[in-house]
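Student: Next up is a structure, given as structure tokens.
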Amino acid sequence: MPVEVKVLEKRNNYVKFIISGVPVAFVNSLRRTIIAEVPVMAIDEVVILDNTSVMYDEVLAHRLALIPLKTDLESYVLPEECVCGGIGCSRCQVKLVLDVEAKDGDLMVYSGHLKSEDPAIVPVSDKIPIVKLAKGQRIVLEAYARLGRGRDHAKWQPGLAAYKYMPKIVIDESKCNGCGVCVQNCPRNVLEIKDGKVTVSKLLDCNLCRYCEIVCPTKAIRVEHEDSTYVFFVESFGQLDVKTLVLKALEVLDQKCVKFLEECEHAIEEFKKE
Amino acid sequence: MICMLFPIRCFTCGALIGDKWEEFKRRVERGEHPAKVLDDLGIKRYCCRRMFLSAIEYIDGVLMYEKVTMEKHTSHY
């Protein structure tokens, strides 16, 4: 069966497609790679110079870390793969500065107040509240953003990916009496009555709950799923656009497979020597 | 969920929600139905929706004490 991909929906940070002709292990590894293996930028180290706000230093640092940063994978490398050995250089880290003081009255500090030394690495949104200051309170800090992977910390999670089996609803026309019980009970409104018989109107909305099977008095309906066809969606949190996210995930997966093959060959060589 | 300030990301899925909080709060306080506001903001999953619906911020309460103590301090000098 040839591999086929059909895009159903594509928005800014979201894509939904049908992928067929691949085993479930493949779609699942793609999902896991997207969530946990694609590197993105996040604040990893914070040097607090002054903090008279009501928020503790560590809570403040944690909030800063969770801010998704727009990521440029061309110009930056992971600290462990960097020539500097992970100490921190212009190839593997970006400095962001936050210097705010509430001079007259309460002041809400937003992610937009962070000043980045690289205009390409900035918060995804300028409107994320970090902390609220009362008059006279002050925060001065330096934050260092680095590339990292979702498997190490949720702050480096680039997005969400999930899939379900392609539903297949089989209706036995000889048994269906058109009573409509399944139509009324379906939580996703997948079915409808046409000419006294039940038909499937929104197949993709079906979540395979099989409630229609249970309620059908004549046992005319059966919910199955297609073999090796899946409905897959990817949502990016804004650090990378979905296209880059999926392509990078495939690249990472490919590298892992190559590495695995190399290791296997190496092990065989070793075995032959003995 | 009682918190100092509204969380930046959803506890369950990790999606960015912090930037949408102020609009949600403003519109709900003005009398709009929370479900409608969440739909407008594009918050689809129920994990993210419960973050908004159950959030109670207490930073303004803390700031109130902060202001009182700061006034006291300044009056000494």
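Student: Hey, could you check the stretch A:76-132 for residues that are out of contact with any strand residue (DSSP E or B) (no Cβ under 8 Å at 6 or more places or on another chain) and closer than 23 Å to B:Lys67 by Cα and say which is nearest to the other protein chains (Cβ to nearest Cβ)? Give the steps one after another, and end with the answer.
Tutor: Initial filter on the stretch A:76-132 (out of contact with any strand residue (DSSP E or B) (no Cβ under 8 Å at 6 or more places or on another chain)): A:80-87, A:89-91, A:103-105, A:119-120.
If we keep only those that are closer than 23 Å to B:Lys67 by Cα too, we end up with A:103-105.
Numbers: A:Lys103: 14, A:Asp104: 13, A:Gly105: 10 Å.
Selected residue: A:Gly105.
Student: Moving on. Looking at A:Val15, A:Val54, which one is under 26 Å from A:Ala134 (Cα atoms) and open to solvent by less than 60 Å² (accessible area, probe 1.4 Å)? Break it down stepwise before answering.
Tutor: Numbers: A:Val15 fails: under 26 Å from A:Ala134 (Cα atoms).
Just one listed residue meets the conditions, A:Val54.
Student: Consider only pairs whose beta carbons are under 8 Å apart and that are at least six residues apart or on different chains; among these, list those whose first residue lies in the stretch B:45-74 and is open to solvent by less than 30 Å² (accessible area, probe 1.4 Å) and whose second residue is assigned to a helix (DSSP H, G or I) and aromatic (Phe, Trp, Tyr).
Tutor: Once the first residue is open to solvent by less than 30 Å² (accessible area, probe 1.4 Å) and sits in the stretch B:45-74, its partners that are assigned to a helix (DSSP H, G or I) and aromatic (Phe, Trp, Tyr) give B:Phe52/B:Trp21; B:Phe52/B:Phe24; B:Ala55/B:Trp21.
Student: Can you confirm whether the stretch B:27-43 contains a residue that is open to solvent by 70 Å² or more (accessible area, probe 1.4 Å), at pLDDT 95 or above and within 14 Å of chain A (Cβ to nearest Cβ)?
Tutor: Just the residues of the stretch B:27-43 that are open to solvent by 70 Å² or more (accessible area, probe 1.4 Å), to begin with: B:29-30, B:33, B:36, B:39-40.
This time we only want the ones that are at pLDDT 95 or above, so: B:29-30, B:33, B:36, B:39-40.
Next, from what is left, pick out any that are within 14 Å of chain A (Cβ to nearest Cβ): none.
No - not one qualifying residue is present in the stretch B:27-43.
Student: Where in chain B are the helices (runs of 4 or more DSSP H), entirely inside, with at least 1 residues that are charged (D, E, K, R) and over 23 Å from A:Asp126 (Cβ atoms)? Let's see the steps before the verdict.
Tutor: Values: elements: B:21-29, B:34-41, B:46-53, B:59-76.
In chain B, the matching helices (runs of 4 or more DSSP H) lie at B:34-41, B:46-53, B:59-76.
Student: Another question about this same structure. Select, from A:Val140, A:Val131, A:Val97, the only residue that is under 21 Å from B:Phe6 (Cα atoms) and assigned to a strand (DSSP E or B).
Tutor: So the residue among A:Val140, A:Val131, A:Val97 that is under 21 Å from B:Phe6 (Cα atoms) and assigned to a strand (DSSP E or B) is A:Val131.
Student: If you go through the stretch B:13-26 one residue at a time, how many are within 9 Å of chain A (Cβ to nearest Cβ) and either of a type in the set (D, E, K, R) or open to solvent by 60 Å² or more (accessible area, probe 1.4 Å) (or both)?
Tutor: The number of residues fulfilling the criteria is 4.
Student: When the stretch A:111-128 is examined, which residues are found to be of a type in the set (S, T, N, Q) and in a loop (DSSP other than H, G, I, E, B)? Before the answer, list the steps.
Tutor: Taking the stretch A:111-128 first, the residues of a type in the set (S, T, N, Q) are A:111, A:116, A:125.
Correct list: A:Ser125 only.
Student: May I ask you to list pairs of residues, at least six apart or on different chains, whose Cβ atoms are under 6 Å apart, with the first in the stretch B:14-33 being without any contact (Cβ under 8 Å) to a residue 60 or more places away in the chain and the second being open to solvent by 60 Å² or more (accessible area, probe 1.4 Å)?
Tutor: B:Asp19/A:Lys127
Student: Same structure again: Please go through the stretch A:32-51 and give me each residue that is part of a helix (DSSP H, G or I) and either surrounded by fewer than 16 Cβ atoms within 10 Å (Cβ to Cβ) or within 13 Å of chain B (Cβ to nearest Cβ) (or both), ordered by number. Steps first, answer last, please.
Tutor: Let us first name the residues in the stretch A:32-51 that are part of a helix (DSSP H, G or I), namely A:32-36.
Listed by number, the residues that qualify are A:Arg32, A:Ile34, A:Ile35, A:Ala36.
Student: Within the stretch A:128-151, which residues are open to solvent by 40 Å² or more (accessible area, probe 1.4 Å) and within 21 Å of the chain's Cα centre (by Cα)?
Tutor: A:Arg151
Student: Which residues, counting only those in the stretch A:1-12, are hydrophobic (A, V, I, L, M, F, W, C) and either open to solvent by less than 70 Å² (accessible area, probe 1.4 Å) or touching a His at 6+ places or on another chain (Cβ under 7 Å) (or both)? So that I can check it myself, show each step before the final result.
Tutor: Taking the stretch A:1-12 first, the residues hydrophobic (A, V, I, L, M, F, W, C) are A:1, A:3, A:5, A:7-8.
Listed by number, the list holds a single entry, A:Leu8.
Student: Considering only the stretch A:57-78, state which residues are open to solvent by 50 Å² or more (accessible area, probe 1.4 Å) and over 30 Å from A:Val252 (Cβ atoms).
Tutor: Passing the criteria: A:Asp57, A:Glu58, A:Val59.
The values are calculated or read from the model by the stated rules, or taken from the named source; none is laboratory data. These figures come from a predicted structure and were not determined experimentally. Using ideal geometry, Cβ is built from the backbone for each residue, glycine included, and neighbour counts are taken over all protein chains shown. Ligands, DNA and RNA are excluded from the accessible area calculation, which covers all protein heavy atoms including side chains. Shrake-Rupley method; radii C 1.70, N 1.55, O 1.52, S 1.80 Å.
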